[in-house]
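FYI, it's all coordinate maths here, none of it is from the lab. All values derive from a computational prediction rather than experimental measurement. Ideal geometry is used to build each Cβ from the backbone, glycine not excepted, and the neighbour counts take in all protein chains shown.
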Amino acid sequence: MRDDKENIIVDLTFKFSIKVISYCEELESKKKFVLARQLLRSGTSIGANAREAQNAESKADFVHKFKIAAKEADETEYWLLLCRDSKSYPNPQELLESLTGIQRVISKIISSSKKK
């Protein structure tokens, strides 16, 4: 299923992963290792699953990969909200805003893929 055309969700999630890495490095510099590791795993997994979906073996496999990406996005949102609401953590508002857009796109991909 993969081709070399521009792919909005793959691009969005890749850029998001880069931002997550930078934010996690900032957390680690403040010795916030536990949340940094959790966030790094879930935040970068969104893009990994979106990319993996591009090589899906079937439509069901494609939808399944995006459902996993949606779950990882929800988990990422949880960690970011914890950071946002904890006084000693840097504000992740930009990441939360980017994530909302990604979640909308993933939701649309899942719903439109099920209709076809």
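Stretch residue 108-residue 28 to full length: gain in nm at 0.36 nm per residue minus the Cα-Cα span? Walk me through the numbers on the way to the answer.
Numbers: separation 80, 0.36 × 80 = 28.80 nm, distance 3.42 nm.
Fully extending the segment from residue 108 to residue 28 adds 25.4 nm.
Globularity index of the range 1-111 is 1.09 (Cα radius of gyration / 2.2 N^0.38 Å, N = number of residues).
Can you give the relative contact order of the chain as a percent, counting alpha carbon pairs under 8 Å and 6+ residues apart?
Rounded, it is 28 percent for the chain.
In straight-distance terms, cross-link reach from residue 5 covers every one of the lysines whose alpha-carbon lies under 29 Å from its own, apart from those fewer than eight places away in the same chain; here that gives 15, 19, 59, 65, 67, 71, 108, 114, 115, 116. Hey, quick one: spin label on residue 96, modelled 7 Å out along Cα-Cβ, who in the range 40-80 has an amide N within reach, i.e. under 18 Å? Label zone hits: 40, 43, 73-80.
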